[in-house]
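The values are calculated or read from the model by the stated rules, or taken from the named source; none is laboratory data. What you see is a predicted model; the values in this text were computed from it and never measured. Reconstructed Cβ throughout: ideal geometry from the backbone, glycine too, with neighbour counts over all protein chains shown. The accessibility values were calculated without ligands, DNA or RNA, using every heavy atom of the protein model including side chains. Shrake-Rupley method; radii C 1.70, N 1.55, O 1.52, S 1.80 Å.
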Amino acid sequence: MAKSDEPITIKKYANRRLYNTGTSTYVTLEDLATMVKAGEDFVVYDAKTNEDITRSVLTQIIFEQENKEGAQNLLPINFLRQLIRFYGDSMQMMVPRYLDVSIDSLTREQGKIREQISQAFGAGGFGGIEDHVRRNMEMFQRTFAMFLPFAQKQNAAGETPPGDDIDALKRQVTEMQQRLDRMGRSGDKE
């Protein structure tokens, strides 16, 4: 069956059931969401009044998607609050066009964005970042060791041998005690 340029007609009946006139089957909001994701255009009419209710059905799909358990939300709470504030505002007429242009731009750029994310994070996800963090931590540890005369010694596996921590602390305490003694003696002479 060839894809038509005309949108598919969906009828919504009083019992809240949705009927796809193109396939002569009842559909769910989830089916309509799948159609949107597949790029299929449709219009929803109230079966009794023949009123176009596409906007309210799409909003209902968004509501369902936003409240799906375990799903990531696309609409942050702050965005929703800001959107509500625009109702009745003098800027209300500009918001739909702005949002339309913004989402079109995001849609056009999503291929580039995915490619950049893939390059930044590596094909395996966050592997590239993990390597970068690991290298930064190694560099930080080497730098930190240069500035600490009593830095912990590590074996080849990167572990501190059991007695070295205590020995280093004992040496530090002994040196601090000697310094305090010298300071105390020099203060007595004055």
Residue list for segment 43-86, filter: under 19 Å from LEU99 (Cα atoms) and touching a residue at least 40 places away in the same chain (Cβ under 8 Å): VAL57
Leading residue by the ranking (farthest from ILE113 (Cα to Cα)) among those in segment 67-80 that are surrounded by 10 or more Cβ atoms within 10 Å (Cβ to Cβ) and hydrophobic (A, V, I, L, M, F, W, C): LEU80
For segment 18-36, check the following and say yes or no: at least one residue is open to solvent by less than 70 Å² (accessible area, probe 1.4 Å), among the acidic types (Asp, Glu) and modelled with pLDDT under 95. no
Residue that is farthest from ILE10 (Cα to Cα), among those in segment 43-66 that are open to solvent by less than 60 Å² (accessible area, probe 1.4 Å) and aliphatic (A, V, I, L, M): ILE61
Going by what's in this entry, would GLU40 be described as under 30 Å from ASP5 (Cβ atoms), surrounded by 10 or more Cβ atoms within 10 Å (Cβ to Cβ) and in contact (Cβ under 8 Å) with a residue 24 or more places away in the chain? yes
Looking at segment 81-99, can you tell me whether even one residue there is modelled with pLDDT under 85, among the β-branched types (Val, Ile, Thr), open to solvent by 70 Å² or more (accessible area, probe 1.4 Å) and under 25 Å from the mean Cα position of the chain (by Cα)? no
